[in-house]
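In what follows, a single structure is set out as structure tokens and then discussed.
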Amino acid sequence: MTNGAPFRADAALARRRPGIDYEAVPASLAARAVEPGDAGYHRYTASYLRSAAPGLVLRPQTPAETQDAVRFADRHRTVPLGIFSAGHGLSGRSLNHGGLVIDVSAINHVDPLGGARVRIGPGARWIDVARVLTPLRLAISSGDYGGVGVGGLATAGGIGWFAREHGLTIDHLRSVDIVTAAGELVHASANENPDLFWGMRGAGANFGVAVSFEFEAVPVGRVALAQITFAVTDLATFIERWGAAIEAADRSVSGTVLLGASRPGSTTYAMASVVIDSDQPDVVAERLRPVLEVDRIAQQSVSLATYEEVIGAFFEEGSVQQGQGEPHSHSAFVRHLGAGTSTQIAALLESGASPFFTIRSVGGAVADVPSADTAYGWRDANFSLIAFGSPSSGIDQWWGRLAPHFEGMYLSFESDTGPDSLVRAFPPAHLERLRGLKRRYDPSGLFRDNFYVEPGGSPLA
């Protein structure tokens, strides 16, 4: 080997995949590259829910090495390309079968810059961010699970425990450095390449590999984390009352409820997690009371927690992802959980089509940002719905019956990556603008394996 790659025995070389020029891997990446015959390959055979078997994994440690990786990928258009930061995405598109993967997990710095500003690498996990920000009494609204990588969430939207009070993750993004399809390192902010900055906040996977983010965090001390199990006998009524309680709640209250398949007339257990941004017992009790009154409570606990403890509540350090096959999930936004929407959700669950259904709060501060300001466009929705199932369970048919109640869709929770998904994911004017951006920054479609926006329209000047 002449490019600095480690020695590989014939048995390992025999597992190489067609279409990849292994001998041409750049010298800057060769020593850390992972092939199917290598000892570290198993890490890339499963994401959170999806199995994988990539042909080659490139692991840059710097923006310059990321440029080398993208240029190498550009010479391999015949195979898939995934961008991997932590592998938690529900659709599993950061990995693939037989293609290339650019793993940026080594670019994982979390650097406070003074005040509330912090620079973060795409490979950092949100638990890493929380561990740095918590002692500073700062936080970023950043999903609900510490094992999620910054890179994927911060380019898609970011619906987290502080969404109703502080908005989405992207609402706190102040700049981003991206390696584009041309292999160029580009800085984007409100003042520099503003159109690219717009597109990166909601559709970033289409425009390049983010290698650095600068965020403005918000002051957050200890908060209350309530975990409530409701014993539900009338599912439609519960869903409607849950929606009304969350919408009427103080903005410091954000919550998620998990529902599963049930039988009509039987008791269903709904598991809710609610964060209240206050450490004052009287304030917490007052703001939580309407939520507790939604239905009969089987079990509840309320504890004070730091940002790190909240984002790490469901995270286990060292856990191994073991996804298999292809996930099948659907996502949608709704403005309200009115009687019609709630009845249809209850019917879906009572059909047995979805064993895992979640309702996450959005609304509040999310709606303070004008829709046109970011590629993420569905600002008027108060709730995000996510349903898991299988084609044989009838989930697609039941989801279709709910469609008249939908207002858009969040890409991160959708497994269907076809063109119809893009129509649901972006308002028409947003999608047209994204197509123009794609024509400017990636006209030949290098980044095409994660909700591909086809180039079109006029490239933006």
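Just give me the residues in the stretch 330-346 being surrounded by 19 or more Cβ atoms within 10 Å (Cβ to Cβ) and of a type in the set (G, A, S), in sequence order. Of everything in the stretch 330-346, those that are surrounded by 19 or more Cβ atoms within 10 Å (Cβ to Cβ) and of a type in the set (G, A, S) turn out to be S331, A332, S342, A346. (1) buried (at least 21 other Cβ atoms within 10 Å of the Cβ); (2) hydrophobic (A, V, I, L, M, F, W, C); (3) in contact (Cβ under 8 Å) with a residue 60 or more places away in the chain: which one isn't true of W378, the others all being true? Among (1) buried (at least 21 other Cβ atoms within 10 Å of the Cβ); (2) hydrophobic (A, V, I, L, M, F, W, C); (3) in contact (Cβ under 8 Å) with a residue 60 or more places away in the chain, the lone unmet condition for W378 is (3). For the stretch 39-64, residues that are surrounded by fewer than 16 Cβ atoms within 10 Å (Cβ to Cβ) and assigned to a loop (DSSP other than H, G, I, E, B) total 1. Quick check on the stretch 187-212: of everything there that is within 19 Å of D103 (Cα to Cα) and more than 16 Å from the chain's Cα centre (by Cα), which residue is surrounded by the fewest Cβ atoms within 10 Å (Cβ to Cβ)? Here the residue is S212. For the stretch 21-32, indicate whether the set of residues that are over 20 Å from G121 (Cβ atoms), over 27 Å from the mean Cα position of the chain (by Cα), aromatic (F, W, Y) and in a helix (DSSP H, G or I) is non-empty. Within the stretch 21-32, one or more residues are over 20 Å from G121 (Cβ atoms), over 27 Å from the mean Cα position of the chain (by Cα), aromatic (F, W, Y) and in a helix (DSSP H, G or I).
Just one residue in the set S266, S273, S262, S212 is of a type in the set (S, T, N, Q), assigned by TED's automatic domain parsing to the domain that holds L348 and under 30 Å from I120 (Cα atoms); that residue is S273. Inspect the stretch 135-148 for any residue being within 17 Å of the chain's Cα centre (by Cα), hydroxyl-bearing (S, T, Y) and surrounded by fewer than 24 Cβ atoms within 10 Å (Cβ to Cβ) and give the result as yes or no. Yes. Listed by first and then second residue, the pairs with beta-carbon distance under 9 Å, at least 6 apart or on different chains, first residue in the stretch 205-224 and farther than 30 Å from L81 by Cα and hydroxyl-bearing (S, T, Y), second buried (at least 24 other Cβ atoms within 10 Å of the Cβ) and at pLDDT 95 or above, form an empty list.
For the stretch 297-304, the criterion of being in contact (Cβ under 8 Å) with a residue 24 or more places away in the chain and in contact with a Lys or Arg (Cβ under 9 Å, 6 or more places away or on another chain) is met by at least one residue. Apart from one condition, T417 fits all of (1) modelled with pLDDT of 95 or more; (2) of a type outside the set (A, V, I, L, M); (3) surrounded by fewer than 21 Cβ atoms within 10 Å (Cβ to Cβ); (4) on the phi < 0 side of the Ramachandran plot; the exception is (1). Taking the stretch 292-309 as the range and being within 27 Å of T134 (Cα to Cα) and of a type in the set (A, V, I, L, M, F, W, C) as the test, the residues that pass are V302, L304, A305.
When the stretch 130-159 is filtered for residues that are β-branched (V, I, T) and either touching a residue at least 24 places away in the same chain (Cβ under 8 Å) or outside the structural domain of A210 (by TED's automatic domain parsing) (or both), the ones remaining, listed by number, are T134, I140, V148, V150, T155, I159. May I ask you to verify whether V79 is out of contact with any Ser or Thr (no Cβ under 9 Å at 6 or more places or on another chain), β-branched (V, I, T), buried (at least 17 other Cβ atoms within 10 Å of the Cβ) and modelled with pLDDT of 95 or more? In short, yes. Only one entry in L422, L349, L411 is surrounded by 19 or more Cβ atoms within 10 Å (Cβ to Cβ) and either of a type in the set (K, R) or out of contact with any strand residue (DSSP E or B) (no Cβ under 9 Å at 6 or more places or on another chain) (or both), namely L422.
Take the residues of the stretch 163-186 that are among the small types (G, A, S) and more than 29 Å from S384 (Cα to Cα): which is surrounded by the most Cβ atoms within 10 Å (Cβ to Cβ)? The selected residue is A181.
The values are calculated or read from the model by the stated rules, or taken from the named source; none is laboratory data. Computed from a predicted model, the values in this text were never measured in an experiment. All Cβ positions, glycine included, derive from the backbone under ideal geometry; neighbour counts span all protein chains shown.
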